[in-house]
1. Given an 8 Å cut-off on Cα distances and at least 6 residues of separation, report the relative contact order of the chain as a percent.
2. Accessible area per residue for the chain in Å², computed with a 1.4 Å probe and the full protein assembly in place, what is it?
3. Could you please report the charge total around residue 94, scoring K, R as +1 and D, E as -1 over all other residues with beta-carbon less than 15 angstrom from its beta-carbon?
4. Going by a ≥ b ≥ c, the root eigenvalues of the Cα gyration tensor, does segment 1-84 fall in the rounded group (a/c under 1.5), the prolate group (a/b larger than b/c) or the oblate group?
5. How much of the accessible area of the chain, probe 1.4 Å, is carbon plus sulfur, in whole percent?
6. Can you give me the P(r) profile for segment 86-130? Cα pairs, bins 5 angstrom wide beginning at 0, each as a whole percent.
7. Stokes-Einstein at 25 °C, 0.890 mPa s, Kirkwood radius from Cα pairs: D for segment 63-171 in µm² s⁻¹?
Amino acid sequence: MRNFHHDQQGFTLAEVITVISIMSILMTIAMPMMITWYRNASLQAASRDLYSSIKLTQANAARRNQICAISFDDGDGYVAYVDTNRNFKQDAGEPELASQRWRSYISVSIGAGGVNFPVNADNKPTLAFRPNSLPASNLGLPNGSVILQSATGRSLQVRSSISGNVTISRI
């Protein structure tokens, strides 16, 4: 017969299996909530980054005393730049301020309603700012919005008003 010592350390196989089973059940319950949280966090990050890029464009227009613009590419992303020749489109040699592709955000895309800014000569929606920080446009009113949507169906709108105020709101 074997002598068992009561001062042995460690876990029995039954204890280990019980803990693993409980953890598996908790992970099964928590994983969908974590995925939803992650997708919503990605949507919030994308909208905050767009907001920051618009504000950067606006600030650079005032700082450089030149028109600065942000143009959107057919649902792919955007580029912010100094519009030195004032034609509301990015030409060769014009300095880039910021750029972003939507695919760099997990499960974020342009939502229903899309990008609603006046289009430039390249047929790209464009938001431009004058040196006085007010929006400028070559056609129509210089205000509009971008609607971003996550795979969970949640949408956020980044809007620029005619007075240059930029906001993020849930829709």
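The values are calculated or read from the model by the stated rules, or taken from the named source; none is laboratory data. The model shown is predicted, which means the values in this text are computed figures rather than measured ones. Because the Cβ atoms are built from the backbone with ideal geometry, glycine has one as well, and the counts that use them run over all protein chains shown. These area figures cover heavy atoms from the full protein model, side chains too; ligands, DNA and RNA do not enter into them. Shrake-Rupley method; radii C 1.70, N 1.55, O 1.52, S 1.80 Å.
1. 21
2. Details: 10190 Å² over 171 residues.
Spelled out: the 1.4 Å probe surface of the chain, per residue, equals 60 Å².
3. Details: positive: 64, 86, 89, 124; negative: 83, 91, 96, 122.
Net charge in that neighbourhood comes out at 0.
4. Details: a/c = 7.00, a/b = 3.90, b/c = 1.79.
Here segment 1-84 falls in the prolate category.
5. Carbon and sulfur atoms account for 57 percent of the accessible area of the chain.
6. Spelled out per bin, shortest first, that is 5, 16, 20, 27, 18, 11, 4, 0.
7. Estimated via Stokes-Einstein, D reaches 172 µm²/s.
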